[in-house]
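Heads up, the thing below is written out as structure tokens.
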Amino acid sequence: MTEKKFYLTTPIFYPNAKLHMGHAYTTTLSDVLVRYHKLKKDKTYFLTGSDENTQKVVAAAKAAGQEPAVFLDGIVGNFKKLFAALDISYDQFIRTTDEQLHWPGAIALWNKLVAAGDLYKKEYEGLYCVGHEAFITEKELVDGLCPDHGTAPEHIKEENYFFRLSRYTEEIRNKIISDELRIVPATRKREILALLDEGLQDVSFSRPRHAASVGIPVPGDDSQVMYVWCDALSNYITALGYGRDDVLYQEFWQNNPDKMHVIGKDILRFHAAIWPGMLLSAGVPLPATILVHGFITSGGKKMSKTLGNVVDPEELLAEYGTDAVRYYLARHISPFEDGDLTREHFKDVYNADLANGLGNLASRIMQLAQTNLAEPVKVEWQPFPPEFQGAMEKFEINKAAEYVWSRIQSLDQQITETAPFKVIKTDPEKGKSLIANLVQELALIDLMLEPLLPQTSLKIIEAIMANQKPQNLFPRKD
Ligand code: ME8
């Protein structure tokens, strides 16, 4: 039997500032999906990284009074610290300033687009929003400002290479309609199809070197550097060795039907229109799935310093620990819609679902086992319950977690109803078998917890194997 492959990427994040809760969400959602595939014994590859060749980074480094390279190393170090604290099991962290790993592939891809006759030079005049790292139209402005960033766009007149994206509108459209390129959820599929119905415009793919000041030189034209999005999107294949070393690329991209991008709703157009256009032009297979999640708000509002409603992932991690944060994100944020997180709700959920729920259940059962069973229960292998598997296959990690917690609740009830602590006094054999059953059930719950709460899952299975009550998994918070 040939092994199934699973390739998952997150966006590469801009290292102009610290990562926030939204980034923590994208990476946690991604990590849960990868760990689930690992448990199914698929061969997985998980990519994340940073999008470094941008004006934002140059500006942020300048504001910090540092050389860009030094500034970037510092920020990227912090990205990795956050990912470690969230237990993100990525295989590779790609940086687009990496001239060995990223640039050869980006250049090779560019050359393919040239060979296809899809790049041409043109004078361009328009408005550019540095926040978006994209051109913006007069129509999109509110009071002369970019509505997302609240900043005035730059007026730009320059010569750029343009990518003939318009040529691929129909092909992209058909592939999305037929789900050959699957956009999940359906609301996002409709959104991108509506955009495709209007027809795609050709897009700027380079900037004059002086204007952009950083970036990958355009092959054969030193006066230009690749435009950020053209450079950034290619990371998904350059990291695997496209144009450089084909082994991983062949295995996880070229010959792998199960490759997916996880992104937020803000970058749908880039991933579901521009990127497929580039791949079609270059004759490279398209991704199979783009999972588009919503945005996290706090108290129904965008997190912002002025509103004082920012919840910092590092702070939550320090106070509650890795698995509590993963739990909240996995269970209480829908991957398909916008979600909300406040400190108050986080604490309530922590106490109810983790301290009183899971923590209490594991400790009750293992206390009974430790006191009454002479040796550890030999746990039998059990398949994933279909409810859990079904939800995971649809990327509904919140529903999967909800199902696990419904099992936690029923197991709690089972202890109360079967009362093994009483039975053991009158009928020790029956009492022991009731307790062994509880342990067996706990082991199944524990299996489902692995992708969601990996550290807790390990502690529980260790407790089961040692026939010992685990340490206090989730101390109550007042
Ligand atoms: O766009 N809620 O990088 P970026 C949930 N470098 N997720 C959020 C969020 C929120 N409020 N805010 C951001 C870029 N995100 C480019 C990507 S990919 C080839 C290049 C998450 O640092 C979400 O995943 O601005 C979103 O798509 C991403 O961060 C944008 O990160």
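The values are calculated or read from the model by the stated rules, or taken from the named source; none is laboratory data. Remember, predicted model here, so these are calculated numbers, not experimental data. Cβ: placed from backbone, ideal geometry, glycine included. Neighbour counts: every protein chain shown. To get the accessible areas, we keep the full protein, side chains included, count just its heavy atoms, and leave off ligands, DNA and RNA. Shrake-Rupley method; radii C 1.70, N 1.55, O 1.52, S 1.80 Å.
Things to note:
- Segments classed as helices (runs of 4 or more DSSP H), wholly inside the stretch 415-478, with at least 1 members that are among the aromatic types (Phe, Trp, Tyr) and open to solvent by 10 Å² or more (accessible area, probe 1.4 Å): 420-426
- The stretch 243-260, subset within 17 Å of TRP103 (Cβ to Cβ) and without any contact (Cβ under 8 Å) to a residue 60 or more places away in the chain, residue least open to solvent (accessible area, probe 1.4 Å): TYR249
- Residue check for MET392: closer than 21 Å to SER30 by Cα and at pLDDT 95 or above: yes
- Residues of the stretch 51-109 that are under 15 Å from LEU240 (Cα atoms) and of a type in the set (S, T, N, Q): GLN92, THR96, GLN100.
- Test for PRO217: is it touching a strand residue (DSSP E or B) at 6+ places or on another chain (Cβ under 7 Å), over 24 Å from GLU171 (Cβ atoms) and in the same structural domain as LEU181 (by TED's automatic domain parsing): yes
- Scope the stretch 243-270; condition within 12 Å of the ligand (Cβ to nearest atom) and in a helix (DSSP H, G or I); matching residues: LYS265, ASP266, ILE267, LEU268, ARG269, PHE270
- Members of the stretch 265-281 that are open to solvent by 10 Å² or more (accessible area, probe 1.4 Å) and either without any contact (Cβ under 8 Å) to a residue 24 or more places away in the chain or more than 22 Å from the chain's Cα centre (by Cα) (or both): LEU280, SER281
- Flag for LEU240 being in contact with an Asp or Glu (Cβ under 7 Å, 6 or more places away or on another chain), open to solvent by less than 10 Å² (accessible area, probe 1.4 Å) and not assigned by TED's automatic domain parsing to the domain that holds PHE395: no
- Meets criteria (closer than 18 Å to MET278 by Cα, charged (D, E, K, R) and in contact (Cβ under 8 Å) with a residue 24 or more places away in the chain) for LYS122: no
- Filter result (among the hydrophobic types (A, V, I, L, M, F, W, C), outside any strand (DSSP E or B), open to solvent by less than 20 Å² (accessible area, probe 1.4 Å) and in contact (Cβ under 8 Å) with a residue 60 or more places away in the chain) within the stretch 35-77: VAL57, VAL76
- Applying the criterion of being open to solvent by less than 10 Å² (accessible area, probe 1.4 Å) and hydroxyl-bearing (Ser, Thr, Tyr) to the residues of the stretch 6-32, the residue that is farthest from the ligand (Cβ to nearest atom) is TYR7.
- Strands (runs of 3 or more DSSP E) (entirely within the stretch 136-211) containing at least 2 residues that are more than 30 Å from SER334 (Cα to Cα), in contact (Cβ under 8 Å) with a residue 40 or more places away in the chain and charged (D, E, K, R): 154-163
- Residue check, PHE252 in contact with a Cys (Cβ under 6 Å, 6 or more places away or on another chain) and in the same structural domain as TYR161 (by TED's automatic domain parsing): no
- SER178 being polar (S, T, N, Q) and touching a Cys at 6+ places or on another chain (Cβ under 9 Å): no
- Evaluation of ARG35 against (1) within 15 Å of the chain's Cα centre (by Cα); (2) within 15 Å of the ligand (Cβ to nearest atom); (3) basic (Lys, Arg) (one fails), failing number: (2)
- Going through (1) touching a His at 6+ places or on another chain (Cβ under 8 Å); (2) surrounded by fewer than 16 Cβ atoms within 10 Å (Cβ to Cβ); (3) closer than 30 Å to GLN100 by Cα one by one, HIS132 falls short only on (2).
- Set side by side, the residues SER223, SER204, SER234, SER213 differ, and just one is polar (S, T, N, Q), open to solvent by less than 20 Å² (accessible area, probe 1.4 Å) and in contact with a helix residue (DSSP H, G or I) (Cβ under 8 Å, 6 or more places away or on another chain), which is SER234.
- Restricting the stretch 212-242 to residues that are in a helix (DSSP H, G or I) and β-branched (Val, Ile, Thr), the residue that is nearest to the ligand (Cβ to nearest atom): VAL228
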